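Derivation of every value follows stated rules applied to the coordinates shown; laboratory data play no part. All figures in this text were calculated on a predicted structure; none of them were measured in a lab. Neighbour counts are summed over all protein chains in view; Cβ atoms, including those assigned to glycine, are modelled from backbone coordinates with ideal geometry.
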């Protein structure tokens, strides 16, 4: 694997459809509260709602440093995130070397190249999302990688990584600093900035239908082998106040009776669930168009329908781009399914307050592997009556001086792969998973990037929030089963008239178009 090939994985949406090889795995090592544990003797979870997530580590060293990340290779760290990076050093040791390839203040990792004074200038690869620091400049390693954080490093960290199968030849970390490596990084940064603007080659097909209330219309049916490379909606043809949350998109691959894609048009394209401006690598939502660029192979054809659950007729016009894909039989099928909490395969009592799995809330549980988890769009309705007491600052106050304890987040993401008892991905908070930080404190900024966005949130936090996180290079491969959860501390009804309801659209790939169980 060359350095350029490694970087290309950050934007290669087609690669998500390639079945994972045996030995390929991924995860996130974070500063989550180590009081959360699995008791192997009882098969139960202990301290599963622990929330002191700022300083957990693999182990502590005699000099006061911590080991934050430790894995064998071949592999790569794709993303480094922190809510509060400070001046204590980050030291990265790879392949058994005694001298670190990185030894610099942790805050500088997000702001400058090692050994250089000018600020880092890859705005799409090293970016701040509403207080959260994110770096998508990869750290490859061949045999091993250990990351240490020295005293004074700050608080809260994530390292998302992929472990490749044995025999994979990784590029040297030092290639990042060569002339060719710097140019490749610059080109990748520019490609992320231009996300959604490049015309995707292939056969263009326009499908249009006037859909009556209560009707489910067939807009496209195609036989044979290929891939849907781009799905675009001509939003200008919809009525000005169209209820996007009441138009249901369904796509069936091959000869499957059950739809692999089943979601409202608004939520599928990243709305809240109606229109909310968005521009990420896989999804775009603009006034004139909605676009999905997930790569969707099929071997024996596809069928696309839309159900109109509104009270009036809507004219829907789609522009589809089909690519030739002779290897479609060996590629995986794209899935997306909107839900409000799917407990079908779960013991709901264990996830209720008092249960050992509380406060986990299911994003996706599927046993149709091999597959890859590619991300999620999460809609939150968190609303409450205005309190009689006026806050000292902002709307309902800050930190410990709030007049309403309104915050819906703090929920750690937990991804269990292939039946593992303890999740290989264990995060530190809902907003941390997306890529921002300190989200309960105003002002509440909207943001977008190639892999994450918050495209809806009331200025005072009271109402609908829309957030999403996409896993492209750092997708989560599985061979048999994937169980993804995010903690939900707030009940559906809370306080005096408050509500907190989640709706999710997970995006994933599975072999042969099988549905989530």
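Worth pointing out:
- A Förster distance of 25 Å, applied to the separation of the beta-carbon atoms of residue 315 and residue 197, puts the FRET efficiency at 0.40.
- Overall form of segment 190-237 per C-alpha gyration tensor (a/c, 1.5; a/b vs b/c): oblate
- Rounded, prolate or oblate (a/c below 1.5 giving rounded, otherwise prolate when a/b exceeds b/c) for segment 337-511 by Cα gyration tensor: prolate
- Segment 19-55-segment 453-497 distance, computed between alpha-carbon centres (Å): 18
- Mean shadow area of the chain, taken as a quarter of the surface of its Cα convex hull (nm²): 25.0
- FRET E, pair residue 178, residue 222, Förster distance 51 Å, beta-carbon r, rounded to 0.05: 0.70
- Comparing Cα centroids, segment 104-119 and segment 147-185 end up 14 angstrom apart.
- Computed FRET value (nearest 0.05) for residue 400 with residue 42, which takes r as the C-beta separation and R₀ as 51 Å: 0.90
- Whether segment 191-316 is rounded, prolate or oblate, judged on the alpha carbon gyration tensor where a/c under 1.5 counts as rounded: oblate
- Alpha-carbon centroids, segment 374-402 and segment 269-294: separation in whole Å: 26
- Ranked by the mean number of other Cβ atoms within 10 Å of their residues, highest first, the peptides 480-486, 351-357, 47-53 come out as 480-486, 47-53, 351-357.
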